[in-house]
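Participant: Quick one: the structure is below, and I'll ask about it shortly.
Coordinate-derived values only; no laboratory data. Everything numeric here is computed off the predicted structure, so don't read it as measured data. All Cβ positions, glycine included, derive from the backbone under ideal geometry; neighbour counts span all protein chains shown.
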Amino acid sequence: MVLGFACFVVGCKREHISVYTVPKERDVEVAEAAPEEQAPGAPAIHYKTPAGWTEEQAGGMRAAAFSIPDQKGSNINVGVVPMPQLNVSTAQLVNMWRDQLGLGAVGEEEVARDTQKVKVGSADAELFELVSAKPVLQDEKSKGRVIVAMLPHDGKTWFFKMSGEDESVRAQKPAFLEFLKSVEFRPGHADLNPGRFTSTNVKRIPGSQREESPGVGARPQWQVPSGWQEVPPTQMLLAKFVMPDKEQPKAEITVSVFPGDAGGVLQNVNRWRRQIRLEPVQEDSLEKMTTSLELPEGKAILVDLTGQNPTNGQPTRIIGAILPKGDRTWFYKLMGHEQIAEREKAAFIKFVQTATYPNG
């Protein structure tokens, strides 16, 4: 179980210092505990908690988590996530965060122009600051803002992320920067091991070979339905398949994996809804549009959405499966013309059901 800490009282003037370890199988541990009680082989992170920040439960891939109440009745969230070094460009990472805010993709030159240099401890890090173009929070009354610092350290990439309502996050930015400066890394004995594995039963085309995940692992084994053709994945994808059809519009299947809950079911369903010109929904509407899918590896959430292709206005359908598993969340998505999606739905579900993952 995760060992959580409430580490600061709002308005307290005394600085609270905490030391935590990044778990291999166990979650957060206090470094002051006896050595035999600490998670073996985990590098320790030491930091000073700013006034007004409340320590939340860390778990999954998170080394630390905080919430900060704002004056608009919601919370700012701060998380610290170490990940194996990623086989993706900086622009791909930034575009993932931009997508969460409903922003369009940008290129490497624009990302480089807007990148800020900050200190995480004594090390130089990159900071990215993004704000939504329109209200996306609090029943779409407030804009959202995300600030992320990224630091390669000791074979991993550390992400320090603060997100929430635009004005409130801006007000907390100075405290966030001071928090970053306070970070220290303590030696550990072993690295997190995201695992390596490959897929089978895949008909590849030249250039489609990919051994590692762009996120926190590599590909599971699965049975690919006949008629699906694998193509090189793009952006943050782990795998991509297309269904060439001379008589009808094409459809595609994508697979991706991210640490933790990747923002939660609601955020990802709304991301898919925006892709086909549907309005976002609230938490209480999820039950009506999702069903449970029993898998050998656990229980997934199945989503079936129909909207419009933003390019040509044609009826477009997304059938997606979200599978939380261990400290990762797997995303399977079939997207294409509604007739092809209906035709391929059973094959898509079977494809998801046949996937087997490393480490059980």
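Participant: Using the beta-carbon distance between Leu286 and Thr354 and R0 = 30 Å, what value does 1/(1 + (r/R0)^6) give for FRET efficiency, to the nearest 0.05?
Facilitator: Details: r = 26 Å, r/R0 = 0.87.
For R0 = 30 Å, the calculated efficiency reads 0.70.
Participant: Which of Lys250/Lys299; Lys134/Lys161; Lys72/Lys119; Lys117/Lys143; Lys143/Lys333; Lys240/Lys350 have a Cα-Cα distance over 19 Å? List each step's numbers first, then the result.
Facilitator: Details: Lys250/Lys299 29 Å; Lys134/Lys161 21 Å; Lys72/Lys119 30 Å; Lys117/Lys143 25 Å; Lys143/Lys333 28 Å; Lys240/Lys350 16 Å.
Listed pairs above 19 Å: Lys250/Lys299; Lys134/Lys161; Lys72/Lys119; Lys117/Lys143; Lys143/Lys333.
Participant: Also: Can you tell me the length gained on complete extension of the stretch Gln267 to Thr311, counting 0.36 nm per residue apart and subtracting the Cα distance? Show your work: numbers first, answer last.
Facilitator: Working: separation 44, 0.36 × 44 = 15.84 nm, distance 2.29 nm.
Difference between extended and current length: 13.6 nm.
Participant: I would also like to ask the following. List, in order, the whole-Hz ³J(HN,Hα) value for each residue of segment 162-167 obtained from phi through the Karplus relation with A = 6.51, B = -1.76, C = 1.60 and θ = phi - 60°; use x for Gly and Pro.
Facilitator: 10, 9, x, 5, 3, 5
Participant: What dipole magnitude, in Debye to the nearest 20, does segment 225-356 give about its Cα centre under +1 on Lys/Arg Cβ and -1 on Asp/Glu Cβ? Walk me through the numbers before you get to the answer.
Facilitator: Values: 16 positive and 16 negative charges, 48 e Å.
Taking the Cα centre of segment 225-356 as origin, the dipole is about 240 debye.
Participant: So, one more: Once you put a point 7 Å from the Cα of Lys48 and another 7 Å from the Cα of Ser74, both along the Cβ direction, what distance in nm separates them?
Facilitator: Distance between the two pseudo-spin positions: 3.1 nm.
Participant: Which shape class applies to segment 229-354: rounded if a/c is under 1.5, otherwise prolate when a/b exceeds b/c and oblate if not, where a ≥ b ≥ c are the square roots of the Cα gyration tensor eigenvalues?
Facilitator: Details: a/c = 1.57, a/b = 1.21, b/c = 1.30.
Cα axes put segment 229-354 in the oblate bin.
Participant: Still on this structure, I have one more. If the chain between Thr115 and Glu338 were fully stretched, how many nm would it gain, using 0.36 nm times the residue separation less the Cα-Cα distance?
Facilitator: Numbers: separation 223, 0.36 × 223 = 80.28 nm, distance 4.01 nm.
Taking Thr115 through Glu338 to full extension adds about 76.3 nm, to one decimal.
Participant: From the phi angles alone, apply the Karplus equation (6.51, -1.76, 1.60; θ = phi - 60°) to segment 338-354 and give each ³J(HN,Hα) in whole Hz, x where the residue is Gly or Pro.
Facilitator: Whole-Hz 3J(HN,Hα) from phi for segment 338-354: 4, 5, 5, 4, 5, 5, 9, 4, 4, 5, 4, 4, 5, 4, 5, 5, 7.
Participant: Sticking with this one: Rounded, prolate or oblate: which one fits segment 253-304, using the alpha carbon gyration tensor with axes a ≥ b ≥ c (rounded when a/c is under 1.5, else prolate when a/b beats b/c, else oblate)? Don't skip to the answer; put the middle values down first.
Facilitator: Details: a/c = 1.67, a/b = 1.33, b/c = 1.25.
Judged from the Cα gyration tensor, segment 253-304 comes out prolate (a/c at least 1.5, a/b above b/c).
Participant: While we're here: Which residues' amide hydrogens lie under 5 Å from the amide hydrogen of Val120, considering only partners 5 or more residues apart or on another chain, with H built in the peptide plane?
Facilitator: The answer is Ala125.
Participant: Using each residue's phi in segment 75-83, evaluate 6.51 cos²θ - 1.76 cosθ + 1.60 at θ = phi - 60° and report the 3J(HN,Hα) Karplus result to the nearest Hz, with x for Gly and Pro.
Facilitator: Per-residue couplings from phi come out as 10, 8, 10, 10, x, 10, 10, x, 9 Hz.
Participant: Also: Can you sort Arg274, Arg113, Arg98, Arg317 so the residue with the fewest Cβ neighbours within 10 Å comes first? Can you show the working numbers first?
Facilitator: Values: Arg274 16, Arg113 9, Arg98 19, Arg317 22.
The most exposed by this proxy come first: Arg113, Arg274, Arg98, Arg317.
Participant: For a quick check: sort Glu279, Glu184 by the number of other beta carbons within 10 angstrom, fewest at the front. Walk me through the numbers before you get to the answer.
Facilitator: Numbers: Glu279 9, Glu184 13.
Fewest-to-most Cβ neighbours within 10 Å comes out as Glu279, Glu184.
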